[in-house]
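The values are calculated or read from the model by the stated rules, or taken from the named source; none is laboratory data. Bear in mind that the values here come from a model prediction, so they are computed numbers and not experimental data. When we count neighbours, we look across all protein chains shown, and the Cβ atoms used for this are built from the backbone with ideal geometry, even at glycine. All accessible areas refer to the heavy atoms of the entire protein, side chains included, with ligands and DNA or RNA removed. Shrake-Rupley method; radii C 1.70, N 1.55, O 1.52, S 1.80 Å.
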Amino acid sequence: MKQEEMIKKYGIKLADDQKLVEMESWYRRFVLWLCHRGWGKTTEAGCCLMAKTLLIPNSKWYIVTNSAGQSIEVFKKVAL
């Protein structure tokens, strides 16, 4: 299943700039997003981590944030 199909299947709607970031992040070994407040980084991270985890077996992910609350929020979005 392609990444675009997974996003459609789960009903996730991304803006054009978010789609571009998603596509460019897909093939990179290391990714760092520097985005403004309210851009949807948590939702974007959830989409990206969910798709890669389902498609790439034994993958490892690190969620690094300013506070434990932010990390927990990202983890909950990924876990749903």
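Using a probe of 1.4 angstrom, how much of the accessible area of the chain is carbon and sulfur, in percent?
After summing per-atom areas, the C and S share lands at 58 percent.
When N counts the residues of the chain, how does its alpha-carbon radius of gyration compare numerically with 2.2 N^0.38 Å, as a ratio?
For the chain, the normalised Cα radius of gyration is 1.05.
DSSP loop (so not H, G, I, E, B), at most 11 other Cβ within 10 Å: list which chymotrypsin sites (Phe, Trp or Tyr not before Pro) in the range 35-74 pass both filters.
When the chymotrypsin sites (Phe, Trp or Tyr not before Pro) of the range 35-74 are filtered for loop state and at most 11 Cβ neighbours within 10 Å, Tyr62 remain.
GNM, the chain, Cα, under 10 Å: largest mean-square fluctuation among Leu34, Leu54, Leu14?
In this elastic network of the chain, the residue with the biggest mean-square fluctuation among Leu34, Leu54, Leu14 is Leu34.
Can you give the relative contact order of the chain as a percent, counting alpha carbon pairs under 8 Å and 6+ residues apart?
Relative CO of the chain lands at 29 percent.
Under a point-charge model restricted to the Cβ atoms of Lys and Arg (+1) and Asp and Glu (-1), what is the dipole moment magnitude of the chain relative to its Cα centre, in debye to the nearest 20?
200 debye
Rounded to the nearest 500, what is the chain's calculated 222 nm mean residue ellipticity when only DSSP H runs of at least 4 contribute -39500 (n - 2.57) each, over all residues?
Only helices count here, giving -17000 deg cm²/dmol.
Considering only protein heavy atoms, what per residue accessible area in square angstrom results for the chain with a 1.4 angstrom probe?
81 Å²
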